[in-house]
Amino acid sequence: MEQDQHIDNLVQELRRGVIVLAILSQLQEEQYGYSAMKQLADQGLNIDQGTLYPLLRRLESQDLLESKWRLEDSRPRRYYVISPHGRQVLHSLQQEWSQIVATMDTLLSEQERK
């Protein structure tokens with residue numbers, strides 16, 4: 001049981017490292033937070049609300065996202081979209097991600113051969 005918890009913690013750590021990349025990639029068009037969270041979950045990346053909303057605010061404060069409030073179905077919703085600076089950062093992160101994946105594929109396939 002303790003080993004399962006250890007593995008869960010390591011998986012969480014791996015996932016934390018890619019959440020920014022995932023969020024930026026999904027906000028090419030305006031969406032509210034829950035919609036982005038659902039879209040990522042539908043593609044296999046679950047993010048809880050307690051992680052998502054602080055992250056969205058942090059990315060906005062870093063000028064990677066822009067947001068605006070809209071009244072929809074008689075309730076206000078905050079919509080987020082990637083900023084021009086965020087697009088540049090996303091491009092850099094995508095390049096870095098591709099290099100990391102290629103390197104890890106090589107390392108892991110070498111490990112399997114041993």
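The values are calculated or read from the model by the stated rules, or taken from the named source; none is laboratory data. Note that the coordinates shown come from a computational prediction; the quantities given were computed from them, not determined experimentally. Every residue, glycine as well, gets a Cβ built from its backbone with ideal geometry; the counts of neighbours run over all protein chains shown.
For the stretch 66-79, check the following and say yes or no: at least one residue is of a type in the set (Asp, Glu) and surrounded by 12 or more Cβ atoms within 10 Å (Cβ to Cβ).
To start, the set of residues in the stretch 66-79 that are of a type in the set (Asp, Glu) comprises 66, 72-73.
If we keep only those that are surrounded by 12 or more Cβ atoms within 10 Å (Cβ to Cβ) as well, we get 66.
Scanning the stretch 66-79, I find at least one residue that is of a type in the set (Asp, Glu) and surrounded by 12 or more Cβ atoms within 10 Å (Cβ to Cβ), so the answer is yes.
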Inside the stretch 36-73, can you point out the residues that are among the charged types (D, E, K, R), closer than 23 Å to residue 89 by Cα and outside any helix (DSSP H, G or I)?
-> 63, 66, 68
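Restricting attention to the stretch 89-99, which residues are within 16 Å of the chain's Cα centre (by Cα) and either assigned to a loop (DSSP other than H, G, I, E, B) or free of Cβ contacts under 8 Å to residues at least 24 places away in the same chain (or both)? Steps first, answer last, please.
Here is the first cut: in the stretch 89-99, the ones within 16 Å of the chain's Cα centre (by Cα) are 89-98.
91, 92, 95, 96, 98 - these are the residues of the stretch 89-99 that are within 16 Å of the chain's Cα centre (by Cα) and either assigned to a loop (DSSP other than H, G, I, E, B) or free of Cβ contacts under 8 Å to residues at least 24 places away in the same chain (or both).
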List every residue pair whose Cβ atoms sit under 9 Å apart, with the two residues 6 or more apart in sequence or on different chains, where the first one lies in the stretch 40-55 and is within 20 Å of residue 66 (Cα to Cα) and the second, anywhere, is aromatic (Phe, Trp, Tyr) and part of a helix (DSSP H, G or I).
-> 49/34; 52/34
Please go through the stretch 10-25 and pick out each residue that is under 16 Å from residue 51 (Cα atoms), at pLDDT 90 or above and not β-branched (Val, Ile, Thr).
-> 21, 22, 24
Qualifying positions in the stretch 40-51 - at pLDDT 95 or above and either among the acidic types (Asp, Glu) or within 16 Å of residue 81 (Cβ to Cβ) (or both) | 40, 42
For the stretch 68-86, enumerate the residues that are touching a residue at least 24 places away in the same chain (Cβ under 8 Å) and either under 13 Å from residue 25 (Cα atoms) or aliphatic (A, V, I, L, M) (or both).
-> 80, 81, 82, 86
